[in-house]
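Here, each number is a calculation from the coordinates, and none is a lab measurement. Small disclaimer: the values here were computed from a predicted structure and weren't measured. Cβ coordinates were reconstructed from backbone atoms using ideal geometry, including for glycine residues, and neighbour counts include every protein chain displayed.
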Amino acid sequence: MTVDDVFTSLSAARSLISSKNLRPMLILENEAMQDFQGIETSDPDCVVVGLATSQFEYHKLNAAFRLIKSGAPLIAINKSRYFKQEDGLALGTGAFVSALGTRGWKTRG
């Protein structure tokens, strides 16, 4: 088995983005960004959110909100409710995906 034989949630998201020719705004940790090398990210037309505790900053989340509000799809790497850190439980990706993915935000044409 090689690395190329492993299909992860990150590789699934990359495959979806590639197949639809999307330009994502990536809210991911640096380690996860490696899975998206070669993907065009300028002038994003979708939002990809993964577990990115160091990236969940107001200005990034607000930019993602604005994209989604204008009709951009939201692609969630996972929707975990919480995870364990050394100092205890912490909010998972699901809290941020739920906030960004609230129905009714998209502009309907």
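Points to keep in mind about this one:
- Of residues in the range 27-49 being within 11 Å of the chain's Cα centre (by Cα) and more than 13 Å from Ile68 (Cα to Cα), the one surrounded by the most Cβ atoms within 10 Å (Cβ to Cβ): Ile27
- Unique match (being farther than 15 Å from Ala99 by Cβ, of a type in the set (S, T, N, Q) and either in contact with a Cys (Cβ under 8 Å, 6 or more places away or on another chain) or free of Cβ contacts under 8 Å to residues at least 60 places away in the same chain (or both)) among Gln85, Gln55: Gln85
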